[in-house]
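Beneath this line is the structure, given in C-alpha cells, with notes to follow.
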Amino acid sequence: MTWSAPCARIDHAALRENLAAVRRFAPASRVWAVVKANGYGHGLEAVAATLADADGLAVARVEEGVRLRRAGVTKPILVLEGMIFAEELAAAAREDLAVAVHSWDQVRLLAEGAGLGAPPCWIKVDTGMHRLGFAPAEVDAVFEALAASAPGPRVVGLLTHLANADEPGDTTSAGQCATLHAVAAGRGLPLSIGNSAGLIALPAARGDWVRPGIMLYGASPFATRTAADLGLRPVMTLQARLIAVQRLPRGAALGYGGTYVCPEDMPVGIVGIGYGDGYPRHAPTGTPVLLNGVRVALLGRVSMDMIHVDLRSQPQAAVGDVATLWGVGLPVEEIAARAGTIPYELLCHVAQRVHMEHDGTAAGGTG
C-alpha cells in the first residue's frame with residue numbers, strides 16, 4: 001500500500017558502516033553502542049539487531065534494557081542512569097544489566113537491597129559535567145561502602161561524561177580525562193569516557209570503552225564538521241508527500257499568522273508533514289526541503305500536519321511527489337541549525353504516527 005503519511009526510511013547498511021567508522025576512530029577501544037531514546041528515534045529493537053557487532057549496548061533507563069532482553073539481546077547492556085527504585089534494581093540484576101552508580105542514594109539501595117541481586121556496577125565520576133556522578137574525593141568512600149555490602153556488588157569499571165567535547169580545542173575535555181585517570185590509578189578497572197565527539201577529537205577519551213551515539217546514526221556531533229567530513233552516512237531519511245498545489249496571487253499571506261506574503265503570482269506546495277510528526281515548529285522561512293531531488297524553500301509557519309514550500313523552481317511538481325525533510329541529500333544537521341536546535345532533538349522527536357520502513361535490516365541475530 002502507498003501511504004500519504006510521512007515515512008522515516010531507516011538504512012541499516014548505513015548504520016553498520018557508521019559502527020565501522022567508530023572502530024576506525026577508536027581501534028583499540030571496545031564499543032558501547034548507545035541506543036537510548038528508542039535508538040535515537042530509529043527504533044530500539046531494530047537498531048540493536050543491526051548493531052550486533054558492537055561489544056555492548058548502552059541505554060538510559062532500566063526499562064530500555066529490559067526491552068532489549070525481551071527482544072533476545074544477550075550481549076552486555078549498560079544502563080547509564082542506573083536505578084533509583086528497588087524494582088529497578090531487581091530487574092537489572094535479573095536481566096544482567098550493568099548499571100551506572102552515580103549517587104549515594106544508589107549506594108544505599110544496593111546495600112539495603114542485597115537480597116534483590118547485585119548487578120555489575122560502573123562508578124560514575126563527576127569530572128566537570130556536574131550532572132551525575134561522585135566528586136573525585138568521594139570515590140574511595142564509594143568503593144568502601146559497596147565493599148561493605150553483603151553481598152557486595154561487583155564494580156566493573158569507571159566512567160565519566162564530557163561536557164564540551166563537541167568544541168574541539170576546548171581544554172575542559174582534556175582536564176576531565178586526566179581527572180578520571182587520576183581517580184582510576186591503581187584500581188585496575190576499565191574506563192569509559194568518549195562520546196561521539198570525544199572519541200573522534202580527543203585520543204585521551206578513547207580509553208577501554210567508548211560510547212558513540214549520534215555518529216552511529218549518521219550525524220555529526222560538531223557544529224563545524226559535517227557527517228560526510230567524518231565518513232558517516234545518514235541512517236534516517238524523513239520523507240512526506242506533496243498533498244496539494246496552490247497557485248496564489250501576489251500579496252497572498254500564507255498559513256497561521258500570514259508571516260509569508262507572496263511577492264508575485266506563484267505556485268505554492270503543501271507537504272503533508274508538520275510538528276505533530278516531529279518536524280521542528282520553529283524552522284524558519286527558507287529552510288530547505290528536497291522535492292524531486294531539488295531544493296525548495298519552506299514558507300511561513302510550520303503547522304501541526306503541513307508545511308508550505310515554494311514551487312517557483314518546480315512548476316511541474318504534482319500531488320504525490322516525494323519531499324525529503326532530512327536524510328540522504330539533505331543533512332539533518334543543516335535543518336537543525338536552521339531551526340535553532342541540534343540533530344539529536346530532530347531524530348529523537350520523530351512521532352509515532354510517522355511510518356518507519358527498515359531497509360537492509362540486520363543479519364545474524366541480536367547478539
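Every residue, every condition in (1) buried (at least 17 other Cβ atoms within 10 Å of the Cβ); (2) of a type in the set (S, T, Y); (3) over 21 Å from A219 (Cβ atoms); (4) over 24 Å from the mean Cα position of the chain (by Cα), yes or no:
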residue: L299; (1), (2), (3), (4): yes, no, yes, yes
residue: M306; (1), (2), (3), (4): yes, no, yes, yes
residue: A318; (1), (2), (3), (4): no, no, yes, yes
residue: G327; (1), (2), (3), (4): yes, no, no, no
residue: V332; (1), (2), (3), (4): yes, no, no, no
residue: A337; (1), (2), (3), (4): no, no, no, no
residue: T341; (1), (2), (3), (4): no, yes, no, no
>> Going by what's in this entry, would N292 be described as out of contact with any Phe, Trp or Tyr (no Cβ under 7 Å at 6 or more places or on another chain) and surrounded by fewer than 16 Cβ atoms within 10 Å (Cβ to Cβ)?
In response: yes
Check: Does any residue of region 196-212 turn out to be β-branched (V, I, T) and in a helix (DSSP H, G or I)?
Finding: yes
When restricted to A223, A228, A185, the only residue over 20 Å from G39 (Cβ atoms), without any contact (Cβ under 8 Å) to a residue 60 or more places away in the chain and not hydroxyl-bearing (S, T, Y) is A185
Pairing a residue in region 159-182 that is under 20 Å from P221 (Cα atoms) with any residue that is at pLDDT below 95 and among the acidic types (D, E), where Cβ atoms lie under 6 Å and the two sit 6 or more apart in sequence or on different chains, gives N164/D170
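Would you mind stating whether G39 is under 21 Å from G133 (Cα atoms) and either β-branched (V, I, T) or touching an Asp or Glu at 6+ places or on another chain (Cβ under 9 Å) (or both)? Can you show your working first?
Numbers: under 21 Å from G133 (Cα atoms): no; either β-branched (V, I, T) or touching an Asp or Glu at 6+ places or on another chain (Cβ under 9 Å) (or both): yes.
Against the criterion (under 21 Å from G133 (Cα atoms) and either β-branched (V, I, T) or touching an Asp or Glu at 6+ places or on another chain (Cβ under 9 Å) (or both)), G39 does not qualify.
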Those residues of region 158-182 which are closer than 18 Å to A33 by Cβ and either among the acidic types (D, E) or not in a loop (DSSP other than H, G, I, E, B) (or both) amount to L159
The lone condition G207 fails out of (1) at pLDDT below 95; (2) closer than 28 Å to W326 by Cβ is (2)
Q106: passes all of (1) at pLDDT 95 or above; (2) of a type in the set (S, T, N, Q); (3) under 28 Å from A201 (Cβ atoms) but (3)
Checked region 183-195 for anything in a loop (DSSP other than H, G, I, E, B), closer than 26 Å to L110 by Cα and within 25 Å of the chain's Cα centre (by Cα); matches are P190, I193
Output yes when any residue across region 226-248 is modelled with pLDDT under 95, touching a Pro at 6+ places or on another chain (Cβ under 9 Å) and not in a strand (DSSP E or B), and no when none is.
yes
For region 64-90, pairs from a residue that is in contact (Cβ under 8 Å) with a residue 12 or more places away in the chain and farther than 20 Å from R30 by Cα to a residue that is polar (S, T, N, Q) and assigned to a helix (DSSP H, G or I), with Cβ under 9 Å and 6 or more apart or across chains, are E64/N38; G82/Q106; M83/Q106; I84/Q106; L89/Q106
>> When you check H282 against the structure, is it at pLDDT 95 or above and surrounded by fewer than 16 Cβ atoms within 10 Å (Cβ to Cβ), yes or no?
In response: yes
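The values are calculated or read from the model by the stated rules, or taken from the named source; none is laboratory data. Worth saying up front: this structure is predicted, and the values here are computed from it rather than measured. Neighbour counts are summed over all protein chains in view; Cβ atoms, including those assigned to glycine, are modelled from backbone coordinates with ideal geometry.
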